[in-house]
1. Find how many whole Å separate the alpha carbon centroid of the range 93-129 from the alpha carbon centroid of the range 1-80.
2. Given points 7 Å out from each Cα along the Cα-Cβ axis, report the residue 151 to residue 107 separation in nanometres with one decimal.
3. Would you mind giving the average projected area, over all directions, of the Cα convex hull of the range 1-62 in nm² with one decimal?
4. Going by alpha carbons, how many degrees (0 to 90, nearest 10) lie between the helix axis of 105-122 and the longest principal axis of the chain?
5. Taking every alpha carbon pair in the range 2-122, what does the distance histogram look like in 10 angstrom bins from 0, in percent?
6. Using a simple spin-label model with points 7 Å from Cα along the Cα→Cβ vector, what separation in nm is obtained for residue 38 and residue 214?
7. If you bin the C-alpha pair distances of the range 115-227 every 10 Å from 0, what whole percents do you get?
8. Work out how much length residue 26 to residue 222 would gain on full extension: take 0.36 nm times their residue separation and subtract the Cα-Cα distance, in nm to one decimal.
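Read-outs: derived from the displayed coordinates by stated rules, not from any lab. Note that this is a predicted model, so its numbers are computed, not measured. Counting neighbours? That spans all protein chains shown, and the Cβs are built from the backbone with ideal geometry, glycine included.
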């Protein structure tokens, strides 16, 4: 899933891209309104994060232009402008959400996942099934959630890709390069630490006992396996 981040502040822009990439999205970035529109028209992202106050064209103007031909593409405004009138203008333009700076990572992740659920419900991802089972979990990609009985587990887009990959390869030892290519992308420079940390965090949510994982098992020196 591709996301355009339009933000004139370099640190905020890079921070948002880092958050999104950690969640499993492919990011595009722009530092002004003209670049944002050019990137949108060329790359056709699945949704857009727009700063309000940008050079050349502000976020409101960019949203108006996007909405002319793409009324269904989700848009999130991220801005230091916290006045109620700005939020009203953004929402009247068809924005799906309005996040005020400064913001926390957990808040941004929660709001982005909410927009992703709406996006995936309207436009299912061709590389993911509607639903699948792995061990005692029922995974619903469009909801970014898994269920174990009455328990609901929130997942990131990358979590879903990982679980789908393991579910399709029961009993197969998947080496690190295979996992990175399938769940991070061919152009990602692999890091064993990145993968191990992600698997560790995923286990905390899906395993009954993360210290004794039964779903995703480590195969030392090679990679991981789903029994």
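1. Centre-to-centre distance over Cα atoms comes out at 13 Å.
2. 3.0 nm
3. Numbers: hull surface 14.1 nm².
Projected over every direction and averaged, the Cα hull of the range 1-62 covers 3.5 nm².
4. Tilt of helix 105-122: around 90 degrees.
5. 14, 53, 32, 1
6. About 5.6 nm separates the two model spin labels.
7. Calculated P(r), rounded to whole percents: 14, 48, 33, 6, 0.
8. Numbers: separation 196, 0.36 × 196 = 70.56 nm, distance 2.67 nm.
Contour length minus Cα-Cα distance gives 67.9 nm.
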